[in-house]
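Heads up: the structure comes next, in structure tokens.
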Amino acid sequence: MSVSHAIGERVVADIECIRDELATRIDDVTAGAVARIRADVPFYATADIVSDPLLTATVRENLLFIVDALTAPAFDTAPAEITGRTRAELGVPLASVMHAYRIGVHRVWEEVMAIADERPELSRQALLTAAQHMWQAQDAFVDAMAAAHRDRSTEQVLDDAAERAALAEYLLQGRIPSDQSLWEIATLLRLPTTGPYLAVAAEATEIGRQPLPGIADRLRALDVYSAWRLLPDQLIGIVHAPTPDARQAVIDLLRRAATGRVGVSAPFAELRDTPAGLNFARRELLGPGTGVSVFDGSMLGTAAIAAPEATVDLARGVLHGLYRLPVDDREPLLETFRAWVAHDGNVKDAAAELYVHPNTVRHRLRRVEQLTGRSVNSPRELAELCLAFEVDARIGIERGRDSPTG
């Protein structure tokens, strides 16, 4: 037998001795590691989440595998993976679990040093080899534990997101499960249970593609709570907007974030009104143009979009004469009538907004009367004109001609 072979056998025997001695002391080593984890890792300072029996059993099992790794041909990382998954399920931060792992391994190494002091016959090479195996085992165990923790955390996030999306759809569509109340669902969605709220519908520019990227997180940055559900062709959501300033901040953010058409309901106070709010938000998507369209909750607006199949045809009957004109002739007349109505029939104020002479406003109003056959001086006929213009602004009678709702 060669000298080198004899030295190799001695090193193996010494390492086995260290392993066996550690195994007899594992309960004391575990107790010391648990006490240090409780003292040094803030998350483990109390037993509220991870009880003493659970922590002790987990530390003991993992330290035993570290001890066995001193002589094992390969590292069995199964206990580390189990620890990573279970701690993720309990909500223990990954950094805290990793800190606890290192404390446990250091406690084992301290015991190895104690054994070396008690047994001076153990070779220096055995101690160096044992140290190498321990730190390699620690790296393998920590990597396996961290990967399992991240995987389980990701699963939980996805599960939570899927559950929240389903609950959001229940709330928005008014399909409340029999065993849950509106307020229970709002609590699960982390929504305040008192309004006002806004309902939002955003068209997807591509099927299944997010039309308002990162909207929930961006709203939280404004201290605004929301819940969303992505459908194949739309993103629908409910947003808690308790003040006028909050509502304006939400609408401003939607305008910045939107990649396509977005409809927003008027504010509503009760959760039970969420489906109606979503209906109005979706009706706003029928309008011409791009960007964010906010429903004002007015009677005219409600009448215009409540039954678009009927109102578009009625509006087309009123405005067909205007729409026979070339665009350059038609648009000033439409713009003038809308400005006149917005200023409550005040010709001078409408003229100031349009930067034209008041007589120009009067002339254009007469043209509108001639082309529609309705007089602005007749309350009933003026009401018809106002409704027709409202339908045109919100839905678009030319677009309605080609739309399934027209």
### Query
Using 1/(1 + (r/R0)^6) with R0 = 30 angstrom and r between the beta carbons of Thr46 and Arg190, what's the FRET efficiency to the nearest 0.05?
0.75
### Query
If you line up the long axis of helix 78-90 against the longest principal axis of the chain, both from Cα atoms, how many degrees apart are they, to the nearest 10?
40 degrees
## Note on the structure
With label points set 7 Å from each Cα along the Cα-to-Cβ direction at Ile82 and Arg362, the distance between them in nm comes to 9.3 nm
### Message
Compute, for the chain, the length of the dipole vector about the Cα centre, with Cβ point charges of +1 (Lys, Arg) and -1 (Asp, Glu) only. Units Debye, rounded to 20.
### Response
2040 debye
### Message
Can you compute the equivalent ellipsoid semi-axes for the chain, i.e. the square root of 5 times each eigenvalue of the Cα gyration tensor, sorted largest first and rounded to whole Å?
### Response
76, 20, 17
### Query
Nearest-5 percent of antiparallel DSSP beta bridges in the chain?
85 percent
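Please compute the per residue accessible area over the chain with all protein chains in place, 1.4 Å probe, rounded to a whole number of Å².
Computed with neighbouring chains in place, this is 50 Å² per residue.
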## Note on the structure
With Cα coordinates, the longest principal axis of the chain makes an angle with the long axis of helix 26-40, in degrees rounded to 10, of 40 degrees
### Query
So for the pair Ala114, Arg36, with labels modelled 7 Å out along Cα→Cβ, what separation do we get in nm?
1.1 nm
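Just need the relative contact order of segment 306-395 here, percent rounded to a whole number, with Cα pairs under 8 Å and 6+ apart.
Rounded, it is 38 percent for segment 306-395.
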### Query
Can you work out the base-10 log of I(q)/I(0) for segment 306-395 at q = 0.10, 0.18, 0.24 1/Å, using the Debye formula on its C-alpha atoms alone?
-0.23, -0.76, -1.29
### Message
What do you get for the angle between helix 124-173 and the principal long axis of the chain? Use alpha-carbon atoms, 0 to 90 degrees, nearest ten.
### Response
20 degrees
### Task
Could you look at the chain and say what percent of its accessible area is carbon and sulfur, using a 1.4 Å probe and all protein chains?
53 percent
### Message
Distances longer than 26 Å among the Cα atoms of segment 3-156: what percent of all pairs is that?
### Response
28 percent
### Query
Taking a 1.4 Å probe, which of Arg367, Arg164 shows the most accessible area, and what order do the others take after it?
Arg367, Arg164
### Message
Defining a contact as two alpha carbons under 8 Å apart and six or more residues distant in sequence, what relative contact order in percent does the chain show?
### Response
12 percent
### Query
What are the principal axis extents of the Cα atoms in segment 34-83, in Å, biggest first?
38, 19, 16
### the chain - mean residue ellipticity at 222 nm from DSSP helices (-39,500 (n - 2.57) per run, n ≥ 4, rounded to 500)
-21000 deg cm²/dmol
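The values are calculated or read from the model by the stated rules, or taken from the named source; none is laboratory data. Worth saying up front: this structure is predicted, and the values here are computed from it rather than measured. Every residue, glycine among them, receives a Cβ derived from its backbone with ideal geometry; neighbour counts consider all protein chains shown. Each accessible area value is taken on the protein alone, full model and side chains, heavy atoms only, with ligands, DNA and RNA left out. Shrake-Rupley method; radii C 1.70, N 1.55, O 1.52, S 1.80 Å.
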